[in-house]
2 protein chains.
Amino acid sequence: MSFRPFDTKALSRHLPILGWARVYTPDTLTSDLVAALIVTIMLIPQSLAYALLAGLPPEMGLYASILPLIAYAIFGTSRALAVGPVAVVSLMTAAAAGNIAAQGSMGYIAAAIALAFISGLILLAMGVFRLGFLANFLSHPVIAGFITASGILIAASQLKHVLGIPGGGHTLPELLDSLARGIGQTNPITLVIGVTAIGFLFWVRKGLKPLLLARGMRPRLADILAKAGPVAAVAVSTFSVWALGLHDRGVAIVGEVPQGLPPFALPAFDPGLWGQLFVPALLISIIGFVESVSVAQTLAAKRRQRITPDQELVGLGASNIVAGLSGGYPVTGGFARSVVNFDAGAETPAAGAFTALGILLAALLLTPLLHFLPKAVLAATIIVAVLSLVDLTILKRSWTYSRIDFAAVAATIALTLLAGVEIGVSAGVGLSILMHLYTTSRPHVAEVGLVPGTQHFRNILRHRVETHPTLLTIRIDESLYFANAAFLQDKIYDRVVCDQPISDVVLMCSAVNEIDMSALESLEAVNTRLHEMEIRLHLSEVKGPVMDRLKRSHFLDELTGEVFLSQYDAFRALTKPRAVA
Amino acid sequence: MSFRPFDTKALSRHLPILGWARVYTPDTLTSDLVAALIVTIMLIPQSLAYALLAGLPPEMGLYASILPLIAYAIFGTSRALAVGPVAVVSLMTAAAAGNIAAQGSMGYIAAAIALAFISGLILLAMGVFRLGFLANFLSHPVIAGFITASGILIAASQLKHVLGIPGGGHTLPELLDSLARGIGQTNPITLVIGVTAIGFLFWVRKGLKPLLLARGMRPRLADILAKAGPVAAVAVSTFSVWALGLHDRGVAIVGEVPQGLPPFALPAFDPGLWGQLFVPALLISIIGFVESVSVAQTLAAKRRQRITPDQELVGLGASNIVAGLSGGYPVTGGFARSVVNFDAGAETPAAGAFTALGILLAALLLTPLLHFLPKAVLAATIIVAVLSLVDLTILKRSWTYSRIDFAAVAATIALTLLAGVEIGVSAGVGLSILMHLYTTSRPHVAEVGLVPGTQHFRNILRHRVETHPTLLTIRIDESLYFANAAFLQDKIYDRVVCDQPISDVVLMCSAVNEIDMSALESLEAVNTRLHEMEIRLHLSEVKGPVMDRLKRSHFLDELTGEVFLSQYDAFRALTKPRAVA
């Protein structure tokens, strides 16, 4: 057929499904189905648990694991990423919705749903306008510090379920205070269930796989069995509560979980509410994107595949929009489940769509079985999962490597614990940027001279070089922009004021990739003031694009000296005896 | 005397007065006295007018021009800077105090005084901790845009006095709206006085000096006479109002101005108030410092003198602290008056102290004469003074030079006019920083090859160079830090995925001045992923300080390849046939 209304290549860039669906084979289908089954088993308890962490009804965790996965399968570029509720984003959702309404209220649920929708719109807009680079402003030390502190906060927030006491709070002091006040009301049966579950899950994580391997099981199967630990804990504990009637003895259970399809509704547009949720939604979007994209990149590289960060934004945006439309809450790509998906052999995003079908079946059929599931077991799965996020060695590693990075980590951890997730991550970003600006605001600047017998110029402090009393040459080792413009000016004035015979100053611009308007105005000021002191200003080795830009200003007309192609030309021209004084 | 308890050199660095007072001569005294007389005459109407602009009683303008000048004479480093109330800072004071209490109330006055004191403490702390570099975050285009927009706002805010109507507002739409609603109540006599004063002052500024010069007057004297225009306008209009009884016909006058010394009081410490005033005080401090230091540097360079920015912070901090202790409001070094001081021959900061005595005499003796001074004339002096600040050509200049700088200017102007001074200047700073991070987050990266017959490596796209199919060499033209760490990773993956025979990647680090921890972790990830693809990663031409830092991490142990001293060594080692595959 010669009729071809669309550019199919561009279309498949924006709809990656068109790329892989065309070459889908029965073999791929088998691989994807196996992976989907395993991820479904893992995702059911996780979805319920993270909904509990977010302070939401358990079915919202399931809803957030159905349509968002299908949307990602259509728009996402990673072959193995598994999308759904994750720990850190659930914590951030609880913090944001808790600012709007009391946990458990309709307003709280509506805020969580709106948060998913707004966050989806933000991610989609970032993808369309190619703003993925914004995520780069989160430096690695800030992310590491934030994830560690969030893990501590999450674990602390779940202790109340293990003890069977009421409580709440969004910062470590609040959480500890609420635990201290409630600890007298601890329910001993709940405590036994919770502690047993924690012990069992830790053993599954650390001890089961080596045991199975020692018994001769194939490593992949052993690995998958070990991941099914939480499902076993859920099944056994639910059965025990029901059989022993423990819910009548004060063990908190999940209770009624509505059976059926996710509800569809457009989130109500309330400008006041959306305004309050915008900043939290932005932080959730960026944190979720950073977490998801780093998982996706790691897995893609293992098979020499590529992901497209800007298209990933579109995929995650679509996922969150449908999460908001189908009674879910903010989702992103999770580390543990994506690795399981990858290890279980998922070859295309279709595995995600099959997982969604699995969760949908669970929502339709299994929810009555979850009635007697004790909350303490869900809390135990959360605690065991998040403690692996806590990595305080980042403090030591960053201290050894650089004090500036250490300060960013320490501030992020301290503020996240003491003032909450939103302030913690914002302060970390702000501090990283400030400290970067501080270091580049004092660029390396060297006075240079000619290495005898060559045409090379080197730092006069490090090399034996030729200089000339009336000529000062300064090499600048950084682009010139507003933060360092004043510094250069000071350097030059300091140098010429204390050395009277100087008649010519040359700025060697071999390492200057950019001169912004602030720096241009500083150079103009330097030129004017040196002129008042009867000193000429010259430039040498200016790069092409910088020169093009300078030509668009009046600077070159006003420059008292010349622009030399090479520093050696400048040296020869300015040190030979002049015909006219 | 051999007893010498202090290091007098260090002491005179912190108390610059000890430096110049020791070499003070009768000649210097004469020069300083003449300059002080001229500046005093100029400063009296200015002080009254800027107090009106700040919404404060006129005597506060005088108080702000007495002790702050003496404090600067002791602690400041500029020989010619004249400190006192200035237009932009007065506008910012009005905006900040207006958020606390209604103009004219005791709370408003207390807020303005506290603002001076807090701003003084901030400036002093910045000086002591050497944080002067923070001012560099204000890029020149942002400052230019902010000053222009402030000039427009100030002129608009004074039109009500020229029309003799009530009104107010902190943004252009508010001001225009209040003018539109009040214009029906215009007082015709006030309007005549105001318009005449504006016309006269413009003529004095533009037409008087050429006229005097044409009549053969010496240029310096002509210049000084032209600066005395406002004093003439004040004297003539005050006399006219008194003689014709115009105040009984609705012409607003200054009224009772208390006669006497400035009141001394420690500003009340109210944590709530101080908390609210902190951010405005910080913005006032930084804007005031930037304005002052650029004037001081310009004047110092003309006489080959130097100022010390960190000591300038101490000087301005002391000035503002005493302003807060003596019933004044925030002050800084003013452009026009400093130039007059300089041109009139001021040789040391003592000229400032003599000016302070002049203003003190005025406060003691002249205030009864100011009773009938019409506010419209003060407004006229403000309008004529600030219109010289308005420079819309910055929009065109920045557009020609760089779209990024243009966006910063345009956003600063628009937001200052539409949302007020605080939001305007904050947004300008934020935008400058974001756009700088954006440009450095995509650094120049080139694939390089060997220039035949040399040891030089150049961009393969621009030069005819030798390459080798299994070797990829990438030169990075920027320091590696969090904002560009991900970009480099993407570049490398994109390149190796599409070119299968590559077995070795070399990163040429000749232009890398720094590798922060985020970039280190990116390099570790690159190393690991390339290893999974059976590609080795090497570095070449790593600078000494960067190498020292890398040695403190585990990166060099994990690196699959080598660190070569020169790129040529790397090329020779990696392209010769290997003994073992």
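Throughout, read-outs are computed from the coordinates displayed, never taken from laboratory work. Predicted model, so just to flag it, every value in this text is computed and none were measured. Quick reminder, even Gly has a Cβ in these numbers, built from the backbone with ideal geometry, and neighbours come from all protein chains shown.
Of interest is the spacing of the C-alpha centroids, which for region B:328-382 and region B:139-195 amounts to 24 Å. The string of couplings for region A:538-553 from the Karplus curve (6.51, -1.76, 1.60, θ = phi - 60°) is 10, 10, 9, 6, 6, 5, x, x, 5, 4, 4, 5, 4, 5, 7, 10 Hz, one whole number per residue in order, with x for Gly and Pro. For the pair region B:39-102 / region A:66-138, the C-alpha centres are spaced 51 Å from each other. Taking a ≥ b ≥ c as the square roots of the Cα gyration tensor eigenvalues, with a/c under 1.5 meaning rounded and otherwise prolate when a/b beats b/c, else oblate, which class fits region B:128-169? It is prolate, given that a/c is not under 1.5 and a/b is the larger ratio. Taking one quarter of the surface of the C-alpha convex hull of region B:445-575 gives a mean projected area of 7.2 nm². Applied to region B:361-370, the Karplus parametrisation 6.51 cos²θ - 1.76 cosθ + 1.60 on θ = phi - 60° returns per-residue 3J(HN,Hα) values of 4, 4, 5, 7, 10, 8, 4, x, 5, 7 Hz, with x for Gly and Pro. Here the gap between B:Leu364 and B:Leu33, fully extended at 0.36 nm per residue and compared with their Cα-Cα distance, gives a gain of 117.2 nm. Estimated translational diffusion coefficient (Stokes-Einstein, Kirkwood radius over Cα pairs, 10 °C, 1.306 mPa s) of region A:311-372: 118 µm² per second. Measuring r between the beta carbons of A:Arg249 and A:Thr186 and using R0 = 22 Å, the FRET efficiency lands at 0.95. In order along region B:22-28, the Karplus-derived 3J(HN,Hα) couplings, from 6.51 cos²θ - 1.76 cosθ + 1.60 at θ = phi - 60°, round to 5, 10, 6, 10, x, 4, 4 Hz, and Gly and Pro are given as x. Based on C-alpha pairs under 8 angstrom that are at least 6 apart in sequence, chain A has a relative contact order of 23 percent.
Roughly what % of DSSP beta bridges within chain A run antiparallel, to the nearest 5? In chain A, DSSP labels about 45 percent of beta bridges as antiparallel. In whole Å, what is the distance between the alpha-carbon centres of region B:267-304 and region A:453-477? The distance from the Cα centre of region B:267-304 to that of region A:453-477 comes to 39 Å. Full extension of the chain between B:Gln276 and B:Gln305 gives 6.5 nm of extra length, using 0.36 nm per residue less the Cα-Cα distance. Only one residue of A:Tyr438, A:Thr148, B:Gly352 has its Cα farthest out toward the positive end of the dipole of the protein assembly as shown, where Lys and Arg carry +1 and Asp and Glu -1 on Cβ, and that residue is A:Tyr438. Figure legend: label point modelled 7 angstrom from the Cα of A:His456 along Cα→Cβ; residues of region B:451-484 with amide N under 13 Å from it are B:455-456. Computed from Cα positions, the angle between helix A:271-302 and the longest principal axis of chain A comes to roughly 90 degrees. When A:Thr30 is represented by a point 7 angstrom out along its Cα-to-C-beta vector, the spacings to that point in the other copies are 10.8 nm, nearest first. What base-10 log of the normalised intensity I(q)/I(0) is obtained for region B:507-581 from the Debye formula, alpha carbons as equal point scatterers, at q = 0.16, 0.19, 0.21 Å⁻¹? Here log10 of I(q) over I(0) equals -0.60, -0.83, -0.99. Under the criterion of Cα pairs below 8 Å and six or more residues apart, the relative contact order for region B:445-575 equals 24 percent. For B:Ser105 and B:Trp399, the difference between the fully extended length at 0.36 nm per residue and the C-alpha to C-alpha distance is 101.4 nm.
Amide hydrogen proximity for B:Phe457: with H placed 1.01 Å from N in the peptide plane, the residues at 5 or more positions away or on another chain lying under 5 Å are B:Val451.
Placing dummy labels 7 Å off each Cα toward the beta-carbon, the span from B:Leu266 to B:Thr575 is 7.6 nm. Once you put a point 7 Å from the Cα of B:Arg442 and another 7 Å from the Cα of B:Ala235, both along the Cβ direction, what distance in nm separates them? In this crude spin-label approximation the distance works out to 6.4 nm. In a DSSP loop and with at most 13 other Cβ atoms within 10 Å, the trypsin sites (Lys or Arg not before Pro) in region B:92-200 are B:Arg130. With only the Cα atoms considered, region B:386-454 has a convex hull volume of 129 Å³ per residue. For B:Ser105, the distances from its label point to the matching points in the remaining copies are 3.1 nm, ordered from shortest, with each point set 7 Å beyond Cα toward Cβ. Measure nothing fancy, just the Cα-based angle from helix A:309-325's long axis to the longest principal axis of chain A, in degrees from 0 to 90, nearest 10. With both axes taken from Cα atoms, the answer is about 40 degrees. For region B:304-409, the list of chymotrypsin sites (Phe, Trp or Tyr not before Pro) that fall in a loop by DSSP and count at most 10 other C-beta atoms within 10 angstrom is empty. Between 0 and 90 degrees, the angle of helix B:188-203 with respect to the longest Cα principal axis of chain B falls at about 60 degrees. Within the protein assembly as shown, the proportion of C-alpha pairs whose separation exceeds 43 Å stands at 52%. Report the normalised scattering of region A:75-212 as log10 I(q)/I(0) at q = 0.08, 0.11, 0.12 Å⁻¹, calculated by the Debye formula with identical scatterers on the alpha carbons. Listed by q, the Debye log ratios stand at -0.33, -0.62, -0.72. Is the C-alpha gyration tensor of region B:131-201 telling us rounded, prolate or oblate? Criteria: a/c under 1.5 is rounded; beyond that, a/b larger than b/c is prolate, otherwise oblate. In terms of gyration-tensor shape, prolate. Restricting the calculation to Cα atoms, every distinct pair contributes to the Kirkwood radius of region B:177-304, found to be 20.0 Å. Cβ-Cβ distance of B:Leu176 and A:Ala336, R₀ of 51 Å, FRET efficiency by 1/(1 + (r/R0)^6): the value works out to about 0.30.
Each residue of region B:14-162 gets 138 Å³ once the volume of the Cα convex hull is shared out per residue. Overall size of chain A from C-alpha positions, given as principal axis extents largest first: 108, 73, 58 Å. Once the Cβ-Cβ distance of B:Glu558 and B:Thr470 is raised to the sixth power relative to R0 = 30 Å, the FRET efficiency obtained is 0.85. Sorted from nearest, the other copies put their B:Thr393 label points 6.2 nm away, the label point being 7 Å from Cα in the direction of Cβ.
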